[in-house]
Amino acid sequence: MPSGPSSEPSPESASPSVFSRGSWAEDSRLAQILRRETVGGALLLGAAVIALVWANSPWSASYFAMLDAVAGPTFLHLDLSLEAWAADGLLAIFFFVAGLELKREFVAGDLRDPKRAAVPVFAAVGGMLVPAAIYLAFAAGTAPKGWAIPTATDIAFALAVLAVISTHLPSALRTFLLTLAVVDDLLAIIVIAVFYTADLQLGFLALALIPLAGFGLLVQRRISHWYLLLPLAVATWVLVHASGVHATVAGVLLAFTVPVRPHPRDKEPGTGLAERFEHLLRPISAGVAVPLFALFSAGVTIGGLSGFASALTDPIAIGIICGLVVGKPIGILAATFLTSKALRRPLQQGLTWPDVTGVAMLAGIGFTVSLLIGELAFAANPESDDHVKIAVLTGSLSAALLAAVVLRLRNRRYRAMCEEENRDDNHDGIPDVYERE
């Protein structure tokens, strides 16, 4: 029995597929991330349910009083409501972790190969353009500023749905979904920075470069003491917030300064600083920051069936729901199909386009970033903001149910593929499928 990778190329490696398998190290790392995000997704769902029940209970006044409670100094406009602190502060942690993951993927991961990266990148782009176009088709005349709301994918929510329906989705499709969502997050933060900055203060933005550069200098020199890095990170966040750019952008900028590749000065040999930071902060992001944001953002007074029906007649809500449920899968499928044709790569053996359709439907679960963009777009219009929340929840739930139906129909085949992927006949801890490549 061979104990290492074979010198003979496998058919899959000789003719790469659209969802060709990555390296064992990379796939096992992504599997760990997916497990953590699944737990975070369960907490996210629980927080959203609590928010909805609380906002529609006899104690709803206490919920909205909590959202409006102000905390923080007036210095640099830091006297924010708790709802704003959740959106601006907690989600900066979420975007910091997303930035670390994205940089690792493209610097040291399998996506450093442009051909391998092309599929999820173009799928993410298609999954943003088509929903935006569908939204504008319904709401361009009334509220065009909300065009970006249905363009986001919530990976934690999507993985929680996969856990609930107990599907044995092949690792290639799970990795595709995760990578697509990470690229989606980066595109979302670019959209937020460019299109949802109302009053740009260049002076504060220039000042933010000073602590950002200091943070970058320390991490590049492998100095990771929290009492040095945390004040610089907070200063960067404060100045970006004061500049008028949404403060979550600071999280991505800080993440992009962190080195990915291991260095002899690293405290843990073979582990880069980005990986260490990700291990430390991902549980905080998935288990605390995002669920708390959901608790503060998902609560909306529905007003019974009549109120729900009235909200869904709003062109804003129609555009969001259609964008998430119809636009996302169409955009992702079209972009993936065109990319596969351009690269002349077939689907992975055993997969069909209905399998890709199920994953594309899962990407229509927009929740976290969709709610954030909705707040930015309609903060001055509480009624429209409520309709956005109802539409995001309805669209995400509809996308989850449709994806569950499609994926469950193929679950028997997925189980067989999963067993083949995990077979380890020589008991060396590495599935045989990787040793044949």
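The values are calculated or read from the model by the stated rules, or taken from the named source; none is laboratory data. Owing to the predicted nature of the structure, the values given are computational and were not obtained by experimental measurement. Cβ coordinates were reconstructed from backbone atoms using ideal geometry, including for glycine residues, and neighbour counts include every protein chain displayed.
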Completion exercise
Among helices (runs of 4 or more DSSP H) entirely inside segment 77-142, those with 2 or more residues being surrounded by 22 or more Cβ atoms within 10 Å (Cβ to Cβ) and in contact (Cβ under 8 Å) with a residue 40 or more places away in the chain are 91-107, 114-139
Problem - Output for segment 338-349, where each listed residue is under 20 Å from residue 410 (Cβ atoms) and buried (at least 16 other Cβ atoms within 10 Å of the Cβ) - result: 340, 347, 348
Exercise for the section: Can you run down the residue pairs with Cβ atoms below 8 Å, 6 or more apart or on separate chains, where the first is in segment 39-58 and of a type in the set (Val, Ile, Thr) and the partner is part of a helix (DSSP H, G or I)? Expected result: 39/286; 39/287; 50/295
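Could you tell me which residue of segment 323-340 is modelled with the lowest pLDDT, considering only residues that are farther than 21 Å from residue 140 by Cα and over 17 Å from the mean Cα position of the chain (by Cα)?
Of everything passing the filter in segment 323-340, 340 is modelled with the lowest pLDDT.
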Handout entry: Scan of segment 157-214 for residues that are under 19 Å from the mean Cα position of the chain (by Cα), among the polar types (S, T, N, Q) and over 24 Å from residue 285 (Cβ atoms), ordered by number
Key = none
Practice task
Say whether the condition of being loosely packed, with under 14 Cβ neighbours inside 10 Å, at pLDDT 60 or above and either over 22 Å from the mean Cα position of the chain (by Cα) or at negative phi (or both) is met by at least one residue in segment 1-18.
Solution key: no
Problem - First in segment 332-355 and under 15 Å from residue 126 (Cα atoms), second anywhere and among the β-branched types (Val, Ile, Thr) and part of a loop (DSSP other than H, G, I, E, B), Cβ under 8 Å, 6 or more apart - result: 336/18; 339/18; 340/18
